[in-house]
Amino acid sequence: MNSNTPAANNIFVSLAAFVIVIAGLKASTQLLVPFLLAVFIAVICAPLMIWLKSKKIPTPIAVFLVVAMFFLLAATFGTVIGTSLSAFYQDLPEYEQKLQQQSQTLIIWLQGLGLEVDSVILSDYLDPGAAMKMVAQVFSGLGGVLTNTFLILFSVIFILFEASDFPEKVRRALGSKTMAMDHFQRFSDSVQRYLLIKTLVSFGTGIFAGVVLAIIGVDYAVLWGLIAFLLNFIPNIGSIIAAIPPMLIAMIQLGPMSSLLVGVLYMVINTLFGNVVEPRYMGRSLGLSTLVVFVSLVFWGWVFGPVGMLLSIPLTMVVKIGLENSERHRWLAVLLGH
């Protein structure tokens with residue numbers, strides 16, 4: 001019995017340390033989220049900067065070109081989404097009024113079939129505006145992070161400047177035989193592969209969704225395609241959230257059958273890309289089980305909000321790679337794998 005006491009104490013100490021660390025992360029969200037985004041962006045941009053340097057371009061110019069290109073691309077997406085959302089919000093009262101009229105028509109039709117339906121209860125349980133609010137909350141959370149644009153920008157610049165000399169510094173500090181740089185390179189390669197696959201899959205999802213909605217004639221097809229592209233980075237539930245607003249708009253604009261058609265087409269698109277294309281390549285790239293992907297989404301979303309959902313897979317990869325490189329905790333890395 002006494003022989004088990006040290007092991008039990010170690011477990012309790014580890015759990016207590018875990019709780020304290022998570023509480024600290026959650027308490028410092030406003031500071032950590034911009035920094036995590038900066039590291040995330042720097043990891044994406046580092047290969048391009050290294051390639052530019054291999055072409056004999058000086059480091060300051062290479063960093064400037066990479067950062068300028070990335071933020072130009074982000075500004076273009078932000079402008080398109082902002083303009084479309086602004087026009088959509090102007091039309092939102094009219095959409096809500098039409099939706100209420102359709103709800104009343106549905107209630108009258110159900111009552112005509114002999115079903116006793118309370119309009120107040122129906123509106124409480126089936127509130128279409130709640131779906132719009134859900135999407136708005138996600139974008140407001142992401143928009144709140146953008147208020148720290150300059151902090152993120154300068155953090156990315158300084159990280160990229162350090163990236164070129166970082167391997168040599170680590171070797172001087174820890175010795176030429178250190179495995180630290182191998183571990184870091186492994187993490188960087190995993191994240192870059194994940195981002196490439198996820199970006200291509202999300203791009204295909206957004207293109208297909210936008211084209212299908214445009215063919216059907218749903219308003220703001222470009223906006224819904226961009227939203228499908230962005231929310232597809234949130235595993236499992238992002239594509240579901242992205243389908244709700246265009247279904248409601250199709251219901252208001254074109255009728256129930258068109259709304260049902262939009263839902264079916266979104267299901268086909270997400271099944272094709274999410275359950276056929278993505279797992280075929282993502283499983284090899286990440287080595288994470290489906291359950292771990294979902295739990296990491298919920299956990300990091302709770303800790304860091306909407307940005308945590310977007311970064312859930314890279315953050316989980318950090319944990320998994322760290323566990324793999326520890327003899328005592330390698331078994332946990334095995335449990336995280338597929």
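Tell me whether the stretch 63-111 comes out rounded, prolate or oblate; compute the Cα gyration tensor, take square roots of the eigenvalues as a ≥ b ≥ c, and use a/c under 1.5 as the rounded threshold.
Numbers: a/c = 10.80, a/b = 4.32, b/c = 2.50.
Prolate.
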Carbon/sulfur accessible area of the stretch 59-109, % of total, 1.4 Å probe, equals 70 percent
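Could you order W224, W300 by accessible surface area, starting with the largest, using a probe radius of 1.4 Å? It would help to have the intermediate numbers written out before the result.
On the way: W224 5, W300 30 Å².
Accessible-area ranking of W224, W300, largest first: W300, W224.
The values are calculated or read from the model by the stated rules, or taken from the named source; none is laboratory data. This is a predicted model, so every value here is computed, not measured. For the accessible areas, the whole protein counts, side chains as well, though only heavy atoms, and no ligand, DNA or RNA atoms are used. Shrake-Rupley method; radii C 1.70, N 1.55, O 1.52, S 1.80 Å.
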